[in-house]
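The next block holds one structure in the form of structure tokens; read it before the comments.
The values are calculated or read from the model by the stated rules, or taken from the named source; none is laboratory data. Predicted model only: the values in this text are computed from it and were never measured. Note: ideal-geometry Cβ built from the backbone for every residue, glycine included; neighbour counts use all protein chains shown.
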Amino acid sequence: MNKKIAILISGSGSNMRALIEASLNDKFPATIELVISNNSSAGGLLIAKKYGVRTRFIDRKIFDNNEDYDKALSLLLKEENIDIVCAAGYMKIFTKQFVEIWKNKIINIHPSLLPDYKGLNTHKRVLHDHQKRSGCTTHIVEPELDSGPILMQATVPVKPEDTVENLAKRVLVMEHIIYPLTLKRFILRVN
Ligand code: GAR
């Protein structure tokens, strides 16, 4: 069972790297076929190239609206026979149509313990609320932002002296562990 994966990114791509690294293991049930970004200067594009993974940049500016953008994205994924789409720091909201077409085939990672702290600036809000713990969540994507069945979560402590940066780093360490694990379990459908 070897599934074809496309990873969607917008930025530095550290989760993407964790997925690519995991896929290099012969026993991993997936191949990373393609990395797609909506941001031409996403650092992750260079990293993907270093690993020999093909990359594509799809420019929002050449489309009239998000529906057309997502149609083009969907077409590309179909042409490439992609089985599963992994959003990894992809900072663009999917259209409802896209999520319908790829129902139960899109996984996302979010830097909070969902359903808490959906949206942006999660770490800042966690610190502001003096939470004692935070973490990250992988989930199946549904049309509503940062919603859908939760696949895996990891918790980290929040320390009184924490800054956004060091909390983000602590959470990222866990993201890099749970995302490859999530993908593997999702494909093998084990709990
Ligand atoms: C990660 O923390 C990821 O969870 C978050 O962006 C960061 C991307 O880092 N995603 C979201 O906030 C999506 N709602 P990376 O590019 O180094 O993987």
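Going through 169, 118, 124, 184 one at a time, which residue ends up being more than 19 Å from residue 17 (Cα to Cα) and out of contact with any helix residue (DSSP H, G or I) (no Cβ under 6 Å at 6 or more places or on another chain)? Of the residues listed, the single one that is more than 19 Å from residue 17 (Cα to Cα) and out of contact with any helix residue (DSSP H, G or I) (no Cβ under 6 Å at 6 or more places or on another chain) is 118. Please determine, by comparing only the residues of the stretch 28-54 that are outside any strand (DSSP E or B) and β-branched (Val, Ile, Thr), which one is nearest to residue 91 (Cα to Cα). Ranking the candidates gives 47 first. Filter the stretch 174-191 down to the residues that are of a type in the set (A, V, I, L, M, F, W, C) and surrounded by fewer than 13 Cβ atoms within 10 Å (Cβ to Cβ), then identify the one that is modelled with the highest pLDDT. Checking each candidate, the answer is 188. Residue 159 fulfils the conditions (1) of a type outside the set (A, V, I, L, M); (2) over 20 Å from residue 10 (Cα atoms); (3) in a strand (DSSP E or B) except for a single criterion, (3).
Taken together, the residues in the stretch 1-44 that are within 9 Å of the ligand (Cβ to nearest atom) and β-branched (Val, Ile, Thr) amount to 1. Restricting the first member to the stretch 126-145 and to residues that are farther than 28 Å from residue 95 by Cβ, and the second to residues that are surrounded by fewer than 23 Cβ atoms within 10 Å (Cβ to Cβ) and of a type in the set (S, T, N, Q), the beta-carbon pairs closer than 8 Å and six or more apart or on different chains are 126/112; 127/163; 133/155; 134/112; 134/155; 135/112; 135/153; 135/155.
Within the stretch 133-169, the set of residues being farther than 27 Å from residue 30 by Cα, surrounded by 15 or more Cβ atoms within 10 Å (Cβ to Cβ) and touching a strand residue (DSSP E or B) at 6+ places or on another chain (Cβ under 8 Å) comprises 134, 156, 158, 167. Mind listing just one residue for me: the one in the stretch 92-117 that is touching a strand residue (DSSP E or B) at 6+ places or on another chain (Cβ under 9 Å) and among the aliphatic types (A, V, I, L, M) and, of those, farthest from the ligand (Cβ to nearest atom)? Here the residue is 99.
To keep it simple, each residue is scored yes or no on (1) surrounded by 13 or more Cβ atoms within 10 Å (Cβ to Cβ); (2) within 19 Å of residue 138 (Cβ to Cβ); (3) β-branched (Val, Ile, Thr).
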{"residue": "14", "(1), (2), (3)": "yes, yes, no"}
{"residue": "32", "(1), (2), (3)": "yes, yes, yes"}
{"residue": "53", "(1), (2), (3)": "yes, no, yes"}
{"residue": "80", "(1), (2), (3)": "yes, no, no"}
{"residue": "90", "(1), (2), (3)": "yes, yes, no"}
{"residue": "101", "(1), (2), (3)": "yes, no, yes"}
